[in-house]
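Here is the structure we will look at, set down as structure tokens.
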Amino acid sequence: MLLNTSKQTDLKESDITDQAIYRDRRKFLQKSASLTAVSMAPSFLWPTIVSADISFENIIKSDFSTKDELTPIDAVAGYNNFYELGLDKGDPKRNAHHLKVKPWNVLVSGECEETGEYALEDFISPAKLEERIYRLRCVEAWSMVVPWVGVELGPILKRFKPTSKAKYVEFKTILDPENLPGQKRQVLEWPYREGLRIDEAMHPLTILAVGLYGKELPNQNGAPLRLVVPWKYGFKSIKSIVSINFLEEQPPTSWNIAGPREYGFYSNVNPDVDHPRWSQKRERRIGEFLKRETLPFNGYADEVASLYSGMDLKENF
Ligand code: MTE
């Protein structure tokens, strides 16, 4: 049992559904794994300092927060998808110490005037930290409600002065196969990469999280810096970001490379577009017994549906 909550029986029941989908997804990954050698490109060299349990102060509350009941922290930080730290839901927490997060730099490149490599603290400041309580809906049909601590991505991106050619933003996770056990296996093309259209990246709901439940992000949740795009399936919310690249063309993304028919570039939460191997109509909120309906755009349609007006969302899934 991976979860340490009082509702053990509820979770056992619903775990079965999850496990089936998860095993299916993993089988797919094993099948599609390429036989090429794991990339051994050099990674950044981090001193071996483990993240301290630091609480943030003066966090601003946000009107964008949902009033849905929070998922207990044991589940948020104990039931994770972070394939660099292992494939099972409990692996990321167990292997969290392999990820060295201090110091941390972010490389900014591509179609912008202010390119360069920035220490995390400089990259984030002077933005004010906010608490954003968001629903997180995984493509595997489970969901959580997480009180993130973070900053809006848009104002941060604007500081680097994107040029008129910047139509997309690409994000990459740290590449460190020597230390990250999952990157020794070619389950996905490493480093994990994701992308957004520039208007999606600039949308006020899109944040970079540095914490949750008022404290620094646990490593297994993508410390020290992860994307959170609450109207998209969770795999768009890339963890442990080391690079941001402004591009004219749509970038290739890890899950789309692994399964183009299954994981689209947009991946907006959409109950009307099933995953080829399971329904997306309902979801299991972690800690609840009965499944609930999945909402278009994960319940954020009023805020974001206009970004896609005129687009066929079945084709652009
Ligand atoms: N980012 C990286 N680098 N590696 C991953 O395996 N998994 C994604 C996303 N970001 C993943 C990642 C998936 S599938 C989901 S559902 C969310 O992280 C899970 O976030 P959580 O573990 O904080 O709930």
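The values are calculated or read from the model by the stated rules, or taken from the named source; none is laboratory data. Predicted, not measured: the structure shown is a model, and the values here were computed from it. A quick note on method: Cβ atoms are made from the backbone with ideal geometry, for glycine too, and the neighbour counts reach across all protein chains shown.
Criterion first (among the β-branched types (Val, Ile, Thr), in contact with an Asp or Glu (Cβ under 9 Å, 6 or more places away or on another chain) and more than 14 Å from residue 229 (Cβ to Cβ)) does residue 174 satisfy it? Taking the combined requirement at face value, the residue satisfies it. When residue 188 is tested against (1) over 24 Å from residue 307 (Cβ atoms); (2) assigned to a helix (DSSP H, G or I), only condition (2) is not met. Residues in the range 225-249 that are within 8 Å of the ligand (Cβ to nearest atom) and either touching a Cys at 6+ places or on another chain (Cβ under 8 Å) or not in a strand (DSSP E or B) (or both): 233, 234, 235, 236, 237, 238, 239, 240. Return a yes/no flag: does the range 145-154 have any residue that is more than 14 Å from the ligand (Cβ to nearest atom), more than 18 Å from the chain's Cα centre (by Cα) and not aromatic (Phe, Trp, Tyr). No - not one qualifying residue is present in the range 145-154.
Within the range 72-102, the set of residues being more than 9 Å from the ligand (Cβ to nearest atom), in a loop (DSSP other than H, G, I, E, B) and under 17 Å from residue 146 (Cβ atoms) comprises 72, 78. Hey, any hits in the range 271-279 for a residue that's closer than 20 Å to residue 142 by Cα and either free of Cβ contacts under 8 Å to residues at least 12 places away in the same chain or assigned to a helix (DSSP H, G or I) (or both)? Yes; the residues of the range 271-279 include at least one that is closer than 20 Å to residue 142 by Cα and either free of Cβ contacts under 8 Å to residues at least 12 places away in the same chain or assigned to a helix (DSSP H, G or I) (or both). Residue pairs whose Cβ atoms lie under 8 Å apart, separated by 6 or more positions or on different chains, with the first residue in the range 118-142 and at negative phi and away from the ligand (no atom under 16 Å from the Cβ) and the second of a type outside the set (Gly, Ala, Ser) and in a helix (DSSP H, G or I), are 123/156; 124/156; 127/155; 127/156.
Taking first residues from the range 235-246 that are at pLDDT below 95 and partners that are among the basic types (Lys, Arg) and part of a strand (DSSP E or B), no Cβ contact under 7 Å between residues at least 6 apart in sequence or on separate chains turns up. Of all residues in the range 84-109, those that are of a type in the set (Asp, Glu) have Cβ atoms under 7 Å from Cβ atoms of residues that are not in a helix (DSSP H, G or I), 6 or more apart or on another chain, in 84/173; 84/180; 84/192.
Kindly indicate the residue of the range 250-270 that is part of a loop (DSSP other than H, G, I, E, B) and in contact with an Asp or Glu (Cβ under 6 Å, 6 or more places away or on another chain) and also farthest from residue 232 (Cα to Cα) among those meeting that condition. Before you say what the answer is, go through the steps one by one.
Filtering the range 250-270 down to residues part of a loop (DSSP other than H, G, I, E, B) leaves 250-253, 259-267, 269-270.
Filter once more, so that each one left must be in contact with an Asp or Glu (Cβ under 6 Å, 6 or more places away or on another chain): 251, 253.
Working: 251: 17, 253: 14 Å.
Within the range 250-270, the match that is farthest from residue 232 (Cα to Cα) is 251.
For residue 133, the conditions (1) under 18 Å from residue 304 (Cβ atoms); (2) buried (at least 20 other Cβ atoms within 10 Å of the Cβ); (3) touching a Pro at 6+ places or on another chain (Cβ under 6 Å) all hold with the exception of (2). Cβ separations smaller than 7 Å between residues 6+ apart or across chains give the following pairs from the range 190-207 residues that are surrounded by fewer than 20 Cβ atoms within 10 Å (Cβ to Cβ) to residues that are among the acidic types (Asp, Glu) and outside any helix (DSSP H, G or I): 204/152. Among the residues of the range 226-241, those that are within 13 Å of residue 193 (Cβ to Cβ) and among the aliphatic types (A, V, I, L, M) comprise 227, 238, 241. Going residue by residue through the range 156-172, is there one that turns out to be within 13 Å of the ligand (Cβ to nearest atom) and closer than 19 Å to residue 194 by Cβ? Yes: the range 156-172 contains one or more residues that are within 13 Å of the ligand (Cβ to nearest atom) and closer than 19 Å to residue 194 by Cβ.
Can you pull out every residue in the range 80-101 that is under 15 Å from the mean Cα position of the chain (by Cα) and among the charged types (D, E, K, R)?
Initially, the range 80-101 is screened for residues under 15 Å from the mean Cα position of the chain (by Cα), giving 80-85, 89, 92.
Within the range 80-101, 84, 89 meet the criteria.
Looking at residue 270, is it away from the ligand (no atom under 11 Å from the Cβ) and at negative phi?
Numbers: away from the ligand (no atom under 11 Å from the Cβ): yes; at negative phi: yes.
Taking the combined requirement at face value, the residue satisfies it.
Within the range 160-178, can you find the residues that are within 13 Å of residue 83 (Cα to Cα) and either assigned to a loop (DSSP other than H, G, I, E, B) or free of Cβ contacts under 8 Å to residues at least 60 places away in the same chain (or both)? Write out each step before concluding.
Restricting attention to the range 160-178, the residues satisfying the condition of being within 13 Å of residue 83 (Cα to Cα) are 173-177.
The answer is 174, 175, 176, 177.
Give the residue, chosen from 310, 264, that is out of contact with any helix residue (DSSP H, G or I) (no Cβ under 7 Å at 6 or more places or on another chain) and not basic (Lys, Arg). Going through 310, 264 in turn, just one is out of contact with any helix residue (DSSP H, G or I) (no Cβ under 7 Å at 6 or more places or on another chain) and not basic (Lys, Arg): 310. In the set 287, 310, only one residue is among the small types (Gly, Ala, Ser) and buried (at least 18 other Cβ atoms within 10 Å of the Cβ); that residue is 287.
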